[in-house]
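The values are calculated or read from the model by the stated rules, or taken from the named source; none is laboratory data. Because the structure is predicted, anything quoted here is derived from the model rather than measured. When we count neighbours, we look across all protein chains shown, and the Cβ atoms used for this are built from the backbone with ideal geometry, even at glycine.
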Amino acid sequence: MSKENKNIDKLDDFSKLVKQKLENHQLPVSDDIWAGIEQKLNTPKPAKRRIVPWYWISGGIAAAIALLLLIYPIQNTSDTTHTMASKTEVSTIEEPKSMADAKEPASNSADADFSTNPKSTPTVQKNAAGLFPQKTKTRNLYTDAHLNTVDSRTVVRKEEIAELDDNSAPKMDDWKPKATVDTQNNTDRTSEQLTDNQGTNRKTEKIDRLPDLNDYPEIPNHPKRTRKKRPILLATTFGSSGTVTDGGIKQQDFAPMMSSTPPRQLVSKKVTESYSGILTPDDYSNAEHQLPLSVGVTVEKPLTERVSLESGLVYTYLKSMYRNPGSVDKNGTLQLHYLGVPLNVRVKAIKQPNWNLYTTAGTMVEKGLRSHYTQEVDSRSVVNNKVVKSSIEGVQWSVGCGVGFDYKLNKDLSLFLEPKLTYYLENNQPMSARTEQPLNIGVNGGLRIEL
Amino acid sequence: MDNEQRLIAGCKRGESWAQKEVYEKYSPAMLALCVRYVSDYESAKDVLQEGFIKLFTKIEQYEGRGSFGGWIRKIFVNTALEELANNKMLNPYVSMERLPDYPDDIDLYQIEQVSANDLLECIKELPSRSRVIFNMYAIEGYTHAEIAQKLGIKENSSRAQFSRARKFLQESVLKLMKK
């Protein structure tokens, strides 16, 4: 010990003598002490309270930003395409001749309904076909116009119409008869709704206004909310999860797990049977599972003001290390790559201008993309290495729920954090943190952009 | 690579054969150390067990600076101090104030005839705190400043208690020799 001589010069003779006699004094040790030490060393560590380190969160945010930067050009391209498509659609629907033709069958019947009358549709297609290649779109938009379904395209169309050249404007007068027919459809509804108010004059006024394209979206008497834009949200996520009882990396003995889980596999049974010397989980005494890491891109489609549906693609990386120390030292590493499709329902619990608190619940199915397993058997004299790259059979299902918080950074961009609880079903997948501890708690974070 | 380096490397890899060898090599001395600090043999066995578990789980922290034996000794001293603190055995009110002053004059030749086990029995009779201070200063080589920091006392208090402990021990030895 480095301190041994520090006080030696200061010590009195008596103390020196005591030191001399007792410093290296030994007492016989009973055997049971080693047995106790050995047992404690082989006992798995007690569960620790899970703490999500800040570097995970900051790493998640950084990864999300990186992903966002990667996908942003694609998103812009998509937007451009969408705009062009809208223009085409608009120009098609704006063609007065076709629309005039289209309205004729309807004018024969005041009850004509383009959305449900199959006879009317071919007429539209036929007339539009000769003029525009986007005949289907013509029909769809025409139908949309009469149905007045909730669709953001309606808004786009309105904007696009405003951009049309002057030639198209006079032709819009041709809308009148169609609009009249159309209104007749709506008139029934309108009159029903206005009867209480005795609004006959208003009904007429409404019909007169129909040809005005600026009012076009207002033809139906649907409530105002039907025209409200609900943007689709695109999110880049980064997440990680661990077991409920353990903060992350786990070290476990195999023996206690054997009874509660089905036979586990490191590589597919086919590979194990075809090639000799591939170790199985039973050949190892210890397993250490690293925190699963996930990155993904999801799209959220609002259904109502508070409820939305979310789906997308999520990539997950799992890594486990296996050991069996001894005279023959065995080490193995298994890396698994999964791609999953989540489907979640999200309900906003608290909605504020700058932030939202929401709950989420759903399921995810994941397909294993690749398994990469390496093993090393060190028998002191010979070291044997094996590498197995194989596919992963079957899929992994999971269900989960959680709460989330998102904070609006600007008009289109928000930052979110979602602690979640996930349960992985037994789907006979290669051994990983999920198969050993199906109930995981994790956190997702990322950026959400309004499209 | 000498045998100790081989053992350390084996322990760092978690190999049980290396752990067992380290245990067999150091446990008798460490048990004697534990008895010196906690005085009770059964408690000393617990400290010994706890100390070895710490040793094997924290062996990655041993960087090779200083002797391995010294590093191990430090682990056991700290474990013994934790045990005493947990059992409130380092209570400052159990002090040497009660002890009478004994003369310094003592025949060293006579003391040399006393066995280590007898000396150990005398040390065990010291109050916990003064026993710890005596052990740390006289045998393990800690300075009073280090002792004061570890025990949360003043340096002068450490000095005073060491002095009194020594005198008490001398008297105990003298009594023992008279028997």
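General observations
- Among residues of region A:5-22 that are facing chain B (nearest Cβ under 7 Å) and more than 19 Å from B:Ala160 (Cβ to Cβ), those with a beta-carbon under 6 Å from a residue that is assigned to a loop (DSSP other than H, G, I, E, B) and modelled with pLDDT of 85 or more at least six positions away or on a different chain give the pairs A:Lys6/B:Gly141.
- Residue selected from region B:66-89 under the condition part of a loop (DSSP other than H, G, I, E, B) and closer than 18 Å to B:Glu42 by Cα, by the criterion modelled with the highest pLDDT: B:Asn87
- B:Lys45 charged (D, E, K, R), within 14 Å of A:Ile37 (Cα to Cα), within 13 Å of chain A (Cβ to nearest Cβ) and part of a helix (DSSP H, G or I): yes
- Selection over region A:348-369 of residues that are exposed (fewer than 13 other Cβ atoms within 10 Å of the Cβ) and not polar (S, T, N, Q) gives a count of 4.
- Number of positions in region B:66-76 that are more than 9 Å from chain A (Cβ to nearest Cβ) and over 12 Å from B:Phe52 (Cα atoms): 1
- Of all residues assigned to region B:101-114, none qualifies as being crowded, with 19+ Cβ neighbours inside 10 Å, modelled with pLDDT of 90 or more and under 19 Å from A:Ser15 (Cα atoms).
- Enumerated strands (runs of 3 or more DSSP E) restricted to region A:304-407, each holding at least 3 residues that are within 14 Å of another protein chain (Cβ to nearest Cβ) and in contact (Cβ under 8 Å) with a residue 12 or more places away in the chain: A:307-324, A:329-351
- Of the numbered criteria (1) modelled with pLDDT of 90 or more; (2) more than 9 Å from chain A (Cβ to nearest Cβ); (3) over 15 Å from the mean Cα position of the chain (by Cα), the one B:Glu63 fails is (1).
- Taken over region A:428-438, the residue count meeting the criterion of being surrounded by fewer than 20 Cβ atoms within 10 Å (Cβ to Cβ) and either closer than 19 Å to A:Phe238 by Cα or under 21 Å from the mean Cα position of the chain (by Cα) (or both) is 1.
- In region B:40-63, the residues that are touching a residue at least 40 places away in the same chain (Cβ under 8 Å) and either out of contact with any helix residue (DSSP H, G or I) (no Cβ under 9 Å at 6 or more places or on another chain) or small (Gly, Ala, Ser) (or both): B:Ser43
- Looking across region B:117-126, the residues that are crowded, with 18+ Cβ neighbours inside 10 Å and either within 16 Å of A:Leu17 (Cβ to Cβ) or touching a Cys at 6+ places or on another chain (Cβ under 9 Å) (or both) come down to B:Leu119, B:Leu120, B:Cys122, B:Ile123.
- Selection of region B:28-42 for residues being assigned to a helix (DSSP H, G or I) and among the small types (Gly, Ala, Ser) yields B:Ala29, B:Ala32.
- Once region B:127-172 is narrowed to residues that are touching a residue at least 60 places away in the same chain (Cβ under 8 Å) and closer than 17 Å to B:Glu83 by Cα, the residue that is surrounded by the most Cβ atoms within 10 Å (Cβ to Cβ) is B:Val132.
- Boolean, B:Lys25 is part of a helix (DSSP H, G or I) and more than 9 Å from every other protein chain (Cβ to nearest Cβ): yes
- Selection count, region B:29-42, where residues are more than 11 Å from every other protein chain (Cβ to nearest Cβ), under 9 Å from the mean Cα position of the chain (by Cα) and of a type outside the set (A, V, I, L, M, F, W, C): 1
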